[in-house]
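Every number in this text was worked out from the coordinates using simple rules, so none of it is lab data. Computed from a predicted structure; not experimentally measured. Here the Cβ positions follow ideal geometry from the backbone for every residue, glycine too, while neighbour counts run over all protein chains shown.
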Amino acid sequence: MKITFIKPNIGRREHSLYIDHGRMEPLMLAVLAGMTPPDVECELFDDRMETIPFDEPTDLVAISVESYTARRSYEISEEYRQRGVQVILGGMHPTLIPEEAQEHADSIFIGDAETVWAQVVEDARRRKLQKVYRGPPGIGQIGGVLPRRDLFKGKGYLPVTLLQYIRGCRFTCQFCAVTQYFDRTHYVRQIDEVLREIEAQDRRLFFFVDDNIASHPKALKELCHALIPMRISWVSQASLDVTKDEGLMKLMADSGCLGNVTGFESITLDSLKETKKSPNISAFSNYEHEIKVLRANGMQTWAAFTLGYDNDTYDSIMATLDFALENRFTLAAFNILMPYPGTPHYEELRQQGRLLYDDKWWLHPDYRFNDAAFVPKNMTPDELTNACHAARQKFNSIPSMFHRFSDLKTNLRTLQRVAVYWKYSSIFRSEVYQKHGMRFGLK
Ligand code: B12
């Protein structure tokens, strides 16, 4: 038996293909392959840079689907199904909106695969896939499953090893898909299994793809203590409340943390309240203290902003840009607030009749990457789209890259940090132009 795992691309540019030059390893597919019985042949195709050989024989195609890649995933599924190959779709999007995904595959998988994947494989062997499988969200890679990273060889991924310690997040941010998937809970892997996984890698730079590695501070402390003697470097995603515990911040730095993706979301308290971003709200004082702590510990912060709240205007978006420049963040994302299916934010906008693109931007043929998908209060959708694009262009301009680089506390702290800075800020800069306005799917 053979299983083909597929990581779909988002889509294509207007007049040429889009190749994702900053692509990272699709960890979820390697985890699925790691849980597959050894007698089953596994192969991986990454639609972000290689052509999928649809005519090559295979018994089961397993595609991991996000809202951004749903349209393309359905196209790929259709190709295989026309050839009589069974297809299963899983991941964030089918979990949030199973009834839609079901129309495009033989089977869909809702939730985490760990406890049910073996059953899927056996059913596929007998060509008797069930229409729907459900796995409860929980601890990742239970039983010490190791991802099949051998499947990544030769695919040109960025030289950073992805792995996971904590799944989920305890916060209830209104726009976040993760809150819905994990129902405001987090799940921590056994630390010895994580350490063994790290030890088995040749590379010493890791990205913990945890939804929020600071969701469980005690578990984070335990991890940091264990990492110190291993002398690795790592990055992750962490909510801003982590800065309240200065001891923990120091411990993170000592354990090799170079920086984290951190959701600042907005510089306005009213907007933070609108989105229920509780880790940012308590004792809000324009993030002065938080940023001081991050810089004191040398964190190369990837600041994530979401823009398009009811209070947002063109001026408030430009003020957010100025804030990011003044603080010389290593990277910053100026994301439009996206109504992800299944979130309270989506439901609220739907009830108010403010959703665009027939309420399904991820499938609509006219929708383009980075376009606003709803009607904001104080701007037109185009004004919001253009303001965010302008912020991205300015933040990633050449003068800004040098301005942000010249920070002794973060980007200039060590040679390794200099290298990390130029590598990733260059990728970010090129993505501003490559991804913007991209079509979803290839057809
Ligand atoms: C790491 C990460 C990234 C990395 C890229 C990683 C990569 N390999 O390319 C970076 C930082 C670059 C990134 C970028 C983006 N990301 Co991202 N990312 C993540 C994150 C934090 C972790 C994903 C991961 O690897 N988890 C570890 C694996 C092991 O777990 P898993 O994916 O949950 O898989 C398990 C189950 O879901 C299931 N499963 C998954 N797939 C399948 C398939 C089958 C067939 C089966 C049976 C089971 C199954 O089994 C697995 C084991 O249990 C997720 C959050 C999340 N919880 O998903 C967001 C997330 C997927 N990203 C998101 C977004 C929006 C983006 C961006 C669009 C942001 C932007 N505006 O630019 C971009 C572009 C994405 C793209 N397609 O190009 C959203 C997607 C929302 C949605 N509704 O789809 C998420 C959910 C974050 C969020 N809070 O909303 N991302």
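The table that follows gives values for the structure above.
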read-out	value
Helical segments meeting 20 Å axial Cα length and Kyte-Doolittle -1.0 threshold in the chain (DSSP H)	381-395, 415-435
³J(HN,Hα) computed for each position of the stretch 354-364 - Karplus, 6.51 cos²θ - 1.76 cosθ + 1.60, integer Hz, glycine/proline x	9, 7, 9, 6, 6, 6, 9, 4, 5, 10, 6
Vicinal HN-Hα couplings computed from phi for the stretch 272-283 (Karplus, 6.51 cos²θ - 1.76 cosθ + 1.60; Hz; Gly/Pro x)	4, 5, 4, 8, 6, 7, 4, x, 9, 7, 5, 6
The chain: relative contact order as a whole-number percent, Cα under 8 Å and 6+ apart	15 percent
Candidates Gly135, Gly84, Gly263, ranked by Gaussian network fluctuation over the chain, Cα under 10 Å, top entry	Gly84
Footprinting exposure proxy for His93, His104 (fewest neighbouring C-beta atoms within 10 Å first)	His104, His93
For q = 0.13, 0.18 Å⁻¹, Debye-computed log10 I/I(0) when each Cα of the stretch 116-179 counts as one equal scatterer	-0.65, -1.04
Cysteines in the chain that, by Cβ-Cβ distance, have no pairing candidate under 4.7 Å	Cys42, Cys169, Cys224, Cys257, Cys388
Extreme residue, positive dipole direction of the stretch 125-278, given options Gly143, Val235, Ala253 (C-beta unit charges)	Gly143
Histogram of C-alpha separations across the chain, 20 Å bin width, %	24, 60, 15, 0
Options Tyr68, Ser406, His21, ranked by Cα towards positive dipole end of the chain, top entry (Cβ charges)	Ser406
Cut-off under 5 Å, modelled amide H: who pairs with Ile110 long-range	Tyr133, Arg134, Gly135
Student exercise, the stretch 57-167 dipole from Lys, Arg, Asp, Glu Cβ charges, in Debye to nearest 20	360 debye
For the stretch 2-135, fraction of C-alpha pairs farther apart than 17 Å, in %	55 percent
Lys, Arg +1 and Asp, Glu -1 on Cβ, resulting dipole of the chain about Cα centre, debye, nearest 20	920 debye
Estimated 222 nm signal from helices in the chain, with DSSP H stretches of n ≥ 4 weighted -39500 (n - 2.57), rounded to 500	-10500 deg cm²/dmol
Kirkwood Rh (inverse of mean 1/r, distinct Cα pairs), the stretch 201-281, angstrom	13.5 Å
Choice from Leu272, Leu60, Leu195 with maximal GNM fluctuation in the chain (Cα, 10 Å cutoff)	Leu195
Ranked list, fewest to most other Cβ atoms within 10 Å of each Cβ, for Cys169, Cys224	Cys224, Cys169
Exposure proxy ranking, count of Cβ atoms within 10 Å, fewest first, for Met379, Met249, Met318	Met318, Met379, Met249
Per-selection Kirkwood Rh - the stretch 400-443 (Cα, Å, 1 d.p.)	12.0 Å
DSSP loop GluC sites (Glu not before Pro) with at most 13 other Cβ within 10 Å: longest gap in the chain	104-443
The stretch 150-212: trypsin sites (Lys or Arg not before Pro) falling in loop per DSSP and having at most 12 other Cβ within 10 Å	Lys153, Arg203
Size of electric dipole in the stretch 2-135: Cβ of Lys, Arg +1 and of Asp, Glu -1, about Cα centre, debye, nearest 20	180 debye
